Amino acid sequence: MNKEYLPKEKAIYHAVLALFEEGADINNLTVAEITGRAGIGKGTAYEYFSGKEEMIAKAFFYNGEMVCEQLYEGICKKSSLYDKINYVLLEMERQIPRMDCIFRLLHMLSENSSVSRWIRELLKEKKIAEEAPASGMIRKVLLDELKGKKIPSEETMTYLVFSIYSRVFCYGMMLKNEKYQSAEQRENIRDLVCQGVCREVEEALCRI
């Protein structure tokens, strides 16, 4: 699904993500800290990256790709749209540290730091509407669901992608709220999210 990453590229990405999960301030990370954790020399790193901003931006994007690839493999084993969305939400609970990286990426898009500007350029280069990991995965799930049916307009598809995206994102934010830590509460909210997605997709198809 994605490009092949060279071992030293992946070492840098894993180093950035590990430092982030340990609570490092992404904007204040140094190249030396990243390469030290990756176990490669600074000079070698500059053969692959222009600087720390590119390292960090691509590390978060890489994490998004890996998470979404794994999610999509599991999604394909589910039959109904409800079960597919529920699977994603359950995996979000199971992989909270990795999901935090994706949420951090989203937050960084609204910031004005040098890292954030690099991320925006990277996404612009990759045509975000089609290739950004999370929205791209949702689009594929929708297209799988629509096999044999008339495909909605591009405007409708884009709306559905971002509507589902926002519901899933909100569930991820809820996971951090101490008020919603019981299994029963999470199950009830997952059901609301899944029912909402299914209803909205069905209503959109009825308009075709």
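With a simple spin-label model that places each label point 7 Å from the Cα along the Cα-to-Cβ direction, the separation between GLU200 and GLU21 comes to 3.0 nm.
The simple spin-label model puts a point 7 Å past each Cα toward its Cβ; for ASP144 and TYR5 those points are separated by 2.2 nm.
Any of LYS77/LYS140; LYS8/LYS58; LYS10/LYS42; LYS78/LYS176; LYS84/LYS140; LYS10/LYS140 with alpha carbons more than 20 Å apart? Name them for me.
Working: LYS77/LYS140 14 Å; LYS8/LYS58 13 Å; LYS10/LYS42 15 Å; LYS78/LYS176 27 Å; LYS84/LYS140 12 Å; LYS10/LYS140 26 Å.
Cα-Cα > 20 Å for LYS78/LYS176; LYS10/LYS140; rest within.
Per-residue Karplus couplings for the stretch 180-194, computed as 6.51 cos²θ - 1.76 cosθ + 1.60 with θ equal to phi - 60°, are listed in order as 10, 9, 7, 4, 5, 4, 5, 4, 5, 6, 4, 4, 4, 5, 5 Hz, Gly and Pro entered as x.
Can you tell me how much longer the chain between TYR48 and HIS14 gets when fully stretched, taken as 0.36 nm per residue apart minus their C-alpha distance, in nm with one decimal? Could the numbers behind the result be given before it?
Numbers: separation 34, 0.36 × 34 = 12.24 nm, distance 1.48 nm.
Contour length minus Cα-Cα distance gives 10.8 nm.
Given a Förster distance of 22 angstrom, what is the FRET efficiency for GLU154 paired with SER80, based on the Cβ-Cβ distance and rounded to 0.05? Please list the in-between numbers first.
On the way: r = 25 Å, r/R0 = 1.14.
The calculated FRET efficiency here is 0.30.
Backbone phi angles across the stretch 155-169, fed through the Karplus curve with coefficients 6.51, -1.76 and 1.60 (θ = phi - 60°), yield HN-Hα couplings of 4, 5, 4, 4, 4, 5, 4, 6, 5, 5, 4, 5, 5, 5, 4 Hz in residue order; Gly and Pro are listed as x.
Here the Karplus curve 6.51 cos²θ - 1.76 cosθ + 1.60, taken at θ = phi - 60°, turns the phi angles of the stretch 15-23 into couplings of 5, 4, 5, 5, 5, 4, 5, 7, x Hz, with x standing for Gly and Pro.
Between the stretch 142-208 and the stretch 23-101, the C-alpha centres lie 23 angstrom from each other. For the stretch 5-101, compute Rh as the Kirkwood radius over C-alpha pairs and then the Stokes-Einstein diffusion coefficient at 10 °C and 1.306 mPa s; write the answer in µm²/s, rounded to an integer. Using the Kirkwood radius from Cα pairs, D works out to 109 µm²/s.
No value in this document is a laboratory result; all are computed from the given coordinates. Worth saying up front: this structure is predicted, and the values here are computed from it rather than measured. For neighbour counting, all protein chains shown are included, and Cβ atoms are generated from backbone atoms with ideal geometry for every residue, glycine included.
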